[in-house]
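Everything below concerns the one structure shown next.
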Amino acid sequence: MFAALTEHGVSGRAIRSGLCGLRFWDPRDFTLDGYRTVDDRPFGGGPGMVMLAEPLDLALTAAKTALRRKGVERPRLISLSPQGRRLDQSLVEDLGRAEGLVLLAGRYEGIDERLFQRHPMEEVSIGDYVLSGGELPAMVLLDALIRRLPGALGHAGSANEDSFADGLLDCPHYTRPEQYLGLGVPPELMTGNHAGVARWRRKQALGRTWQRRPDLLDRRRLSREDEDLLDAFREETRRDAVGSEESGPD
Ligand code: ADE
């Protein structure tokens with residue numbers, strides 16, 4: 001499953017070039033029976049299967065030991081689960097500061113709770129919906145972590161300009177041709193005036209966030225300059241709306 005991460009794009013390149021190390025531990029390799037059993041029926045009855053504590057316990061211990069040999073004494077242990085703290089960019093930044101991470105991707109209906117008594121862990125969810133396993137969420141988290149490593153993106157600074165890098169959504173982007181089926185490019189981007197371009201982008205980022213994710217603005221204080229840019233955006237949006245009303249429906 002993880003080939004999507006390790007063999008493609010930004011994450012694949014970063015892993016191949018050694019910007020980060022990634023190692024996989026299959027709980028089936030830590031089973032003690034001939035069938036390589038990793039799950040069993042839940043005590044108390046009910047549908048689905050529960051992952052056994054023992055193979056995961058041994059796999060986690062092996063992962064921790066391997067990290068310790070590399071000098072990582074205190075990795076953060078993360079279990080991917082819909083019960084966890086919701087992932088956002090600030091959690092990505094926080095996890096990115098860890099000296100090492102061990103991610104646990106569960107399957108089946110759940111994991112024997114005693115595993116978490118033996119290995120206290122943080123739980124992380126990628127959103128309020130249920131997937132059939134933690135592998136995709138682990139890849140989501142890894143991709144978000146890897147792309148912010150210095151040198152992972154082709155262009156230095158790209159990660160700083162992403163959506164959420166500054167708690168705002170990203171501005172719109174344009175490339176050639178200058179005219180596409182009668183649609184032009186905002187003139188502010190065509191002037192060659194770097195400060196003007198930066199101001200336009202900031203205004204669009206603020207405006208989009210205000211339009212689409214006002215909750216993100218509620219959580220932060222805007223500088224005086226940002227307030228002015230957002231006011232200008234609102235005024236332009238209002239004028240555009242009035243303009244299109246006056247010209248009537250087409
Ligand atoms: N495992 C299953 N669903 C998940 C989710 N939404 N986030 C993290 N891990 C999960």
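Read-outs throughout are calculated quantities, based only on the coordinates presented, and are distinct from any laboratory measurement. The structure presented is a predicted model; accordingly, all values stated were derived computationally and were not measured. As a convention, Cβ positions derive from the backbone with ideal geometry for all residues, glycine included, and neighbour counts pool all protein chains shown.
At a glance:
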{"item": "Cα-centred dipole magnitude for the chain, charges only on beta-carbon of K, R (+1) and D, E (-1), debye, nearest 20", "result": "920"}
{"item": "Rounded to whole Hz, the Karplus (6.51, -1.76, 1.60) HN-Hα couplings of region 213-221, x for glycine and proline", "result": "9, x, 4, 5, 6, 4, 8, 9, 9"}
{"item": "Lys/Arg +1, Asp/Glu -1 at C-beta; the chain dipole; positive extreme among Leu217, Trp200, Ala4", "result": "Ala4"}
{"item": "Value of [θ]222 nm, deg cm²/dmol, for the chain, DSSP H segments ≥ 4, -39500 (n - 2.57) each, nearest 500", "result": "-12500 deg cm²/dmol"}
{"item": "Amide H contacts under 5 Å for Glu123, placed H, 5+ residues apart", "result": "Ser79, Arg85"}
{"item": "DSSP-assigned coil residues among trypsin sites (Lys or Arg not before Pro) in region 1-98, each with at most 14 further Cβ atoms within 10 Å", "result": "Arg23, Arg36, Lys70, Arg97"}
{"item": "Region 163-247 - percent relative contact order, Cα under 8 Å, separation 6 or more", "result": "29"}
{"item": "Modelled FRET efficiency - R0 51 Å, Ser223 with Leu32, Cβ distances, 0.05 increments", "result": "0.25"}
{"item": "Euclidean distance between Cα centres, region 35-49 to region 14-28, Å", "result": "29"}
{"item": "Degrees separating the helix 224-247 axis from the principal Cα axis of the chain, which is the longest one", "result": "70"}
{"item": "Considering only the chain, percent of DSSP beta bridges that pair antiparallel, nearest 5", "result": "20"}
{"item": "Principal-axis tilt of helix 53-69 within the chain, Cα atoms, nearest 10 degrees", "result": "70"}
